[in-house]
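The values are calculated or read from the model by the stated rules, or taken from the named source; none is laboratory data. The model shown is predicted, which means the values in this text are computed figures rather than measured ones. Neighbour counts are summed over all protein chains in view; Cβ atoms, including those assigned to glycine, are modelled from backbone coordinates with ideal geometry.
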Amino acid sequence: MVIPAADIIREESERLAAALAAADPEQKVPTCPDWVAADLLGHITEVQDFWASVLAKRATTEAEVARIEGSAAAAADDPAAAPELRRAATDALLAQLDSRGDDEPAWFWFSPEQTVGVIRRMQLHEATIHRVDAELTAGLTLTPIDSEVAHAGVDHVLQVMWPAVFEWIPEWATVRPVALVEIRLDGAEPGQLLISRWSGTRPRDGQQLGATVARPLTDLDEVGELPRAVVSGPPAAVDLWAWGRAAALGGLDGEDQKVEIIGDRAAISELDALLAAGIA
């Protein structure tokens, strides 16, 4: 099945805006505790406007993107203007996506993925997950996530969001594998996730630093006796869990809200650390 990304981005963006219109602008966002409702609306507006500009300028380099960022319009001071700015940003993004093919080159922040296609996928999941944030903020019943979108959302986390962090590991750090996790979604082949931990001493000040990271397992990886765990559940539940929205699971229907995690205690602990680090 081909996911109608443009239609879903439109629908989810409109749902997000409608939900936030029903909320107090100062209402805390439960799943993004540093934000209030107005921040969430501003975020989706800025993100969609930015990627519309990247596509419109046909940016393919860091320098081109830096110029786009330097010329970005400041956020509106008038809250009354925010809904229209969001609408314009969504329209601009979709106009660009509709005019471009997935295989066309475009800058993206994960070096192996430099095409319009990854931007389209990213914006599909950005709109979907933030719509969930908005409905939770407004105290509304969660709109179900389409099963195909949820499958794709989990795959995007496994193939893009988590692996991207490896590109930001300092050159002075060492990386060692610490756990192997199998991700099982109803109706899909399981995915194998290798969790690692980087650590080291920062040369400029001697500070000890480190973090938990993850990427898909490859044939070249030696896993030996690493502790192991299995994550399983319905696609929508695992999608929300992987995107750091476990707090939203109670808003799903019945059995759909359950994510089961079993295995070695050490592996589950490393998985918890990965989730606590958040999405890049």
### Message
Checking the condition part of a helix (DSSP H, G or I) and closer than 30 Å to Gly200 by Cα, which residue from Ala134, Ala164 passes?
### Response
Ala164
### Message
Among (1) more than 17 Å from Ala127 (Cα to Cα); (2) under 23 Å from the mean Cα position of the chain (by Cα), there is one condition Gln48 misses while meeting the rest; what is its number?
### Response
(1)
### Message
Being assigned to a helix (DSSP H, G or I) and under 17 Å from Ala246 (Cα atoms) narrows it down to one residue among Leu124, Leu140, Leu158; which is it?
### Response
Leu158
### Message
Can you confirm whether Pro105 is more than 20 Å from Leu16 (Cα to Cα) and either in contact (Cβ under 8 Å) with a residue 12 or more places away in the chain or not hydroxyl-bearing (Ser, Thr, Tyr) (or both)?
### Response
yes
### Query
Here are Ile119, Ile145: which of them is closer than 15 Å to Ala5 by Cα, part of a loop (DSSP other than H, G, I, E, B) and not polar (S, T, N, Q)?
Ile145
### Qualifying strands (runs of 3 or more DSSP E) (wholly inside the stretch 183-280; at least 3 residues being in contact with a Lys or Arg (Cβ under 9 Å, 6 or more places away or on another chain) and not aliphatic (A, V, I, L, M))
191-201, 208-216
### Task
Answer with yes or no whether Gln48 is in contact with a Ser or Thr (Cβ under 6 Å, 6 or more places away or on another chain) and polar (S, T, N, Q).
yes
### Message
Name the single residue that is farthest from the chain's Cα centre (by Cα) among those in the stretch 105-160 being within 16 Å of Leu93 (Cα to Cα) and polar (S, T, N, Q).
### Response
Thr115
### Message
From the list Pro190, Pro216, exactly one residue is touching a strand residue (DSSP E or B) at 6+ places or on another chain (Cβ under 8 Å) and at pLDDT below 95. Which is it?
### Response
Pro190
